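Read-outs throughout are calculated quantities, based only on the coordinates presented, and are distinct from any laboratory measurement. Since the model is a prediction, treat every value here as computed from it, not as a measurement. Backbone-built Cβ (ideal geometry, glycine too); neighbour counts: all protein chains shown.
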């Protein structure tokens, strides 16, 4: 009877560490490529734009604040 465990019980400690680290690396890579929820998509785009051009984003936020304050 197999339980689906890929780590052999007779493996050396070094082999078990290597297998566990490889499994964790695969899980981390899979988590990176998960799609973002649609409601947070605009927030992600705004965050990327702010990181790419912080001075332009600050200027835009300032002008938007001035525009809204004058209304």
Exercise for review: Report the FRET efficiency, 1/(1 + (r/R0)^6), for residue 50 and residue 71, where r is their Cβ-Cβ distance and R0 is 22 Å, rounded to 0.05.
Suggested key: 0.35
Review point. Length gain on complete extension for the stretch residue 25 to residue 64, per 0.36 nm per residue less the alpha carbon to alpha carbon distance?
Key: 9.7 nm
